[in-house]
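Here's the structure we're looking at; comments come further down.
The values are calculated or read from the model by the stated rules, or taken from the named source; none is laboratory data. The shown structure was predicted, so the numbers you read here are calculated from the model rather than taken from an experiment. Glycine also receives a Cβ, built like all others from the backbone with ideal geometry; neighbour counts cover every protein chain displayed.
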Amino acid sequence: MIFIRFVLIAAGLFVLAGCATPSPVPATSAPAPAGPDALTPEEVAFVEQVATIAPPLAENPERLARRGANSCDSIARGLDVAIPQAIERFSGGSYTVTTEEAEAIVIAAQQTVCAG
C-alpha cells in the first residue's frame with residue numbers, strides 16, 4: 001500500500017512538473033539609445049567642431065548639441081546678437097567661453113545644426 005501511494009505521489013509530481021513549464025516572455029522594445037549615438041549627423045558634426053574649439057564643452061555631447069540647436073534663433077538675428085548669447089549659453093560651471101570661442105561656436109552651429 002505504501003508503495004502504491006509513493007508511485008501515485010511520484011506520478012502526480014511528474015505530471016505537475018510537466019505542467020509547470022514557463023511560458024515564453026514577450027519581447028519588449030529596446031530602450032531609446034542614449035549618448036552620442038542618439039545624436040543626428042548634424043549634431044555630431046557640431047559636437048566634433050566644438051570639441052576642437054572648447055574641449056570642456058564636449059564632455060556632455062547631448063547638452064552641447066541641444067544648446068547648439070537653441071542658438072539658431074539668435075544666429076538668425078545676426079552675429080551681434082548671437083555671439084553674446086553664445087557666451088552666456090555655453091559658459092557655465094568652471095568654464096567661461098571667450099568671445100573668440102563664441103564666434104567659432106556660432107559659425108559651427110551655422111554650418112551644422114542651423115544649416116537646415
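How many of the residues in region 66-91 are farther than 17 Å from residue 47 by Cα and either part of a loop (DSSP other than H, G, I, E, B) or not hydrophobic (A, V, I, L, M, F, W, C) (or both)?
8
Which of the residues that make up region 92-108 are loosely packed, with under 15 Cβ neighbours inside 10 Å and assigned to a loop (DSSP other than H, G, I, E, B)?
Answer for region 92-108, where residues must be loosely packed, with under 15 Cβ neighbours inside 10 Å and assigned to a loop (DSSP other than H, G, I, E, B): 93, 94, 96, 98.
Select, from 49, 111, the only residue that is exposed (fewer than 14 other Cβ atoms within 10 Å of the Cβ), closer than 22 Å to residue 38 by Cβ and out of contact with any Lys or Arg (no Cβ under 9 Å at 6 or more places or on another chain).
111
Would you point out which residue out of 9, 83, 4 is at pLDDT 95 or above and of a type outside the set (Phe, Trp, Tyr)?
Among 9, 83, 4, only 83 is at pLDDT 95 or above and of a type outside the set (Phe, Trp, Tyr).
Working only within region 63-86, note down all residues that are over 22 Å from the mean Cα position of the chain (by Cα), crowded, with 17+ Cβ neighbours inside 10 Å and of a type outside the set (Gly, Ala, Ser).
Listed by number, the residues that qualify are 75, 83, 85.
Conditions: (1) closer than 21 Å to residue 38 by Cβ; (2) over 20 Å from the mean Cα position of the chain (by Cα); (3) of a type outside the set (Ser, Thr, Tyr). Residue 59 meets all but one. Number of the miss?
Of everything listed in (1) closer than 21 Å to residue 38 by Cβ; (2) over 20 Å from the mean Cα position of the chain (by Cα); (3) of a type outside the set (Ser, Thr, Tyr), residue 59 misses just condition (2).
With respect to the numbered conditions (1) part of a helix (DSSP H, G or I); (2) at pLDDT 55 or above, which one is the sole condition not fulfilled by residue 114?
(1)
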